[in-house]
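Undergrad: Got a structure for you, written out below as structure tokens; questions coming shortly.
The values are calculated or read from the model by the stated rules, or taken from the named source; none is laboratory data. Predicted model only: the values in this text are computed from it and were never measured. Here the Cβ positions follow ideal geometry from the backbone for every residue, glycine too, while neighbour counts run over all protein chains shown.
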């Protein structure tokens, strides 16, 4: 798990940008300003939709504070495109199909779901300074209210 002061692991992943265009993103290219990087389990599920729409609705406030938002899940680009279009998402979504980046960030592992232990994406958010230093790391976040809480802490 990452903690405050750690260097954020570098990555290059395919994704869609805020306009819906397919592009490749590397961490170093995203760090032109501080970054909010969040990992979520699956496109278009209730919790993930809540979180994505909260980021969408709060993007203006986050931009005003100097942040860029990027979401990452194991879903393929075709799913990200549908998710983005259906909910009017206005920030990039990246695809991590083998969950290697999620593992590096500590956002993949054993979790409880409906009383059963399973392996998968652990809903996590990272605030990363433009020099690549992790300022905040949030693990096992609840989708509802997370973005509001995050904005208050920034």
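Undergrad: Which of the residues belonging to the stretch 110-123 are in a strand (DSSP E or B) and over 20 Å from residue 51 (Cα atoms)?
TA: Quick first cut of the stretch 110-123, residues in a strand (DSSP E or B) only: 110-113, 116-121.
110, 116, 117, 118, 119 - these are the residues of the stretch 110-123 that are in a strand (DSSP E or B) and over 20 Å from residue 51 (Cα atoms).
Undergrad: For residues in the stretch 90-99 being under 18 Å from residue 123 (Cα atoms) and touching a residue at least 24 places away in the same chain (Cβ under 8 Å), which is surrounded by the fewest Cβ atoms within 10 Å (Cβ to Cβ)?
TA: The first filter runs over the stretch 90-99 and keeps only residues under 18 Å from residue 123 (Cα atoms), leaving 91-99.
Within this subset, residues satisfying the condition of being touching a residue at least 24 places away in the same chain (Cβ under 8 Å) are 91-96, 98-99.
Details: 91: 20, 92: 23, 93: 26, 94: 25, 95: 21, 96: 23, 98: 10, 99: 18.
Residue satisfying both the conditions and the ranking: 98.
Undergrad: Only one of 63, 81 is over 12 Å from the mean Cα position of the chain (by Cα), exposed (fewer than 15 other Cβ atoms within 10 Å of the Cβ), at pLDDT 95 or above and not in a strand (DSSP E or B); which? Write out each step before concluding.
TA: On the way: 81 fails: exposed (fewer than 15 other Cβ atoms within 10 Å of the Cβ).
Being over 12 Å from the mean Cα position of the chain (by Cα), exposed (fewer than 15 other Cβ atoms within 10 Å of the Cβ), at pLDDT 95 or above and not in a strand (DSSP E or B) holds for just one of 63, 81, which is 63.
Undergrad: Could you list, in sequence order, the residues of the stretch 124-140 that are farther than 15 Å from residue 69 by Cα, touching a residue at least 40 places away in the same chain (Cβ under 8 Å) and assigned to a loop (DSSP other than H, G, I, E, B)?
TA: Hit for the stretch 124-140 is 131, nothing else.
Undergrad: To continue, here is another question. Specify which of the listed residues (44, 54) is modelled with pLDDT of 95 or more, out of contact with any strand residue (DSSP E or B) (no Cβ under 9 Å at 6 or more places or on another chain) and assigned to a loop (DSSP other than H, G, I, E, B). Let's see the steps before the verdict.
TA: Details: 54 fails: assigned to a loop (DSSP other than H, G, I, E, B).
After applying the criteria, what remains is 44.
Undergrad: Something else about it: Just checking, does the stretch 47-54 include any residue being farther than 23 Å from residue 152 by Cα and buried (at least 18 other Cβ atoms within 10 Å of the Cβ)? Before the answer, list the steps.
TA: From the stretch 47-54, those farther than 23 Å from residue 152 by Cα are none; that's our starting set.
Taking every residue of the stretch 47-54 in turn, none turns out to be farther than 23 Å from residue 152 by Cα and buried (at least 18 other Cβ atoms within 10 Å of the Cβ).
Undergrad: Find the residue count for the stretch 7-32, including only residues that are in contact with a helix residue (DSSP H, G or I) (Cβ under 9 Å, 6 or more places away or on another chain), over 15 Å from residue 71 (Cβ atoms) and either modelled with pLDDT under 95 or not in a loop (DSSP other than H, G, I, E, B) (or both).
TA: Final tally of qualifying residues: 2.
Undergrad: Right, something else. Go over the candidates 102, 143 one by one and state the one that is surrounded by 13 or more Cβ atoms within 10 Å (Cβ to Cβ) and either touching a helix residue (DSSP H, G or I) at 6+ places or on another chain (Cβ under 9 Å) or part of a loop (DSSP other than H, G, I, E, B) (or both). Working first, answer last.
TA: Details: 102 fails: either touching a helix residue (DSSP H, G or I) at 6+ places or on another chain (Cβ under 9 Å) or part of a loop (DSSP other than H, G, I, E, B) (or both).
Matching residue, one of 102, 143: 143.
Undergrad: Moving to a separate point now. So, of the residues in the stretch 66-78 that are within 20 Å of residue 122 (Cα to Cα) and crowded, with 20+ Cβ neighbours inside 10 Å, which turns out to be nearest to the chain's Cα centre (by Cα)?
TA: Restricting to residues being within 20 Å of residue 122 (Cα to Cα) and crowded, with 20+ Cβ neighbours inside 10 Å, the top hit is 71.
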